[in-house]
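Asker: The structure that follows is given in the form of structure tokens.
Here, each number is a calculation from the coordinates, and none is a lab measurement. Quick caveat: nothing in here was measured; it's all calculated off a predicted structure. Methodologically, a virtual Cβ is constructed for each residue, glycine included, from the backbone with ideal geometry; neighbour enumeration extends over all protein chains shown.
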Amino acid sequence: MPRAKRGNKRTEKRKKILALAKGYRGTKSKLYRSAKESVERALNFAYTGRKLKKRDFRKLWIVRINAACRLNEMKYSQFMHGLKLAGVELDRKVLADLAVKQPESFAILAGQAKDAISSNQQQAAA
């Protein structure tokens, strides 16, 4: 069985890594081994960063919704519970956008949440 030489695949693979390392400083963009190490590390950071970004935005949306809820004399948890009882299915991203850009429509949603909570308490008492 003849020996299998890698042919073009090796150079293609190395070119790909060096292209990803373009812009890195010093040998990290020139030499394959150090370029490979830095690219792997960078890709790892990028993966982690994409996960952290989701977390950070959710935190930001919750802070914005909570601030708008406080202006409407409610707590964030009460507001979210009231929306669930009222059957309003808006995600936090949309709610945060409403809270910032259209406070009057957010106030209407807060009123719906309050009404749903009070009607639920009356049903529980009866």
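Asker: Can you list, bin by bin at 10 Å, the percent of alpha carbon pairs in the chain, starting at 0?
Answerer: Calculated over all Cα pairs of the chain, the distribution is 12, 25, 15, 12, 13, 13, 7, 3, 0 percent.
Asker: Right, next: So what's the angle, to the nearest 10 degrees on a 0 to 90 scale, between helix 92-101 and the longest Cα principal axis of the chain?
Answerer: In the chain, helix 92-101 runs at an angle near 70 degrees to the longest axis.
Asker: Okay, next question. If I model a spin label at Thr11 and Tyr47 as a point 7 Å from the Cα along the Cα→Cβ vector, what separation in nanometres do I get?
Answerer: Rounded to a tenth, the inter-label distance reads 3.1 nm.
Asker: Same structure again: So how tilted is helix 76-86 from the main axis of the chain? Cα-based, degrees 0 to 90, rounded to 10.
Answerer: It is inclined by approximately 70 degrees.
Asker: Okay, next question. Run down the aspartates and glutamates and flag those whose C-alpha is under 17 Å from the C-alpha of Lys30, throwing out any fewer than 8 positions away in its chain.
Answerer: Once the sequence-local aspartates and glutamates are set aside, what remains near Lys30 is Glu12, Glu40.
Asker: Among Arg58, Arg92, Arg70, which one shows the biggest mean-square fluctuation in a GNM of the chain, springs joining Cα atoms closer than 10 Å?
Answerer: So, out of Arg58, Arg92, Arg70, the one fluctuating most is Arg70.
Asker: On to the next question. What per residue convex hull volume, in Å³, do the alpha-carbon atoms of segment 21-72 yield?
Answerer: That works out to 70 Å³ per residue.
Asker: Along the Cα→Cβ direction, 7 angstrom out, place labels at Val100 and Thr27. What is the inter-label distance in nm?
Answerer: A separation of 4.5 nm, rounded to one decimal place.
Asker: Angle, helix 103-125 long axis vs. longest principal axis of the chain, Cα atoms, 0 to 90°, nearest 10?
Answerer: 60 degrees
Asker: Another question about this same structure. Going toward the positive end of the dipole of the chain, with +1 on Lys and Arg Cβ and -1 on Asp and Glu Cβ, which of Val88, Leu52, Ala99 do you reach last?
Answerer: The one lying farthest along the dipole's positive direction is Leu52.
Asker: Over the Cα atoms of segment 1-44, each weighted equally, I'd like the Debye log10 I(q)/I(0) at q = 0.16, 0.20, 0.27 Å⁻¹, rounded to two decimals.
Answerer: -0.44, -0.59, -0.88
Asker: With +1 assigned to the C-beta of every Lys and Arg and -1 to the C-beta of every Asp and Glu, and no other charges, what is the dipole magnitude of the chain about the Cα centre in debye, to the nearest 20?
Answerer: 2120 debye
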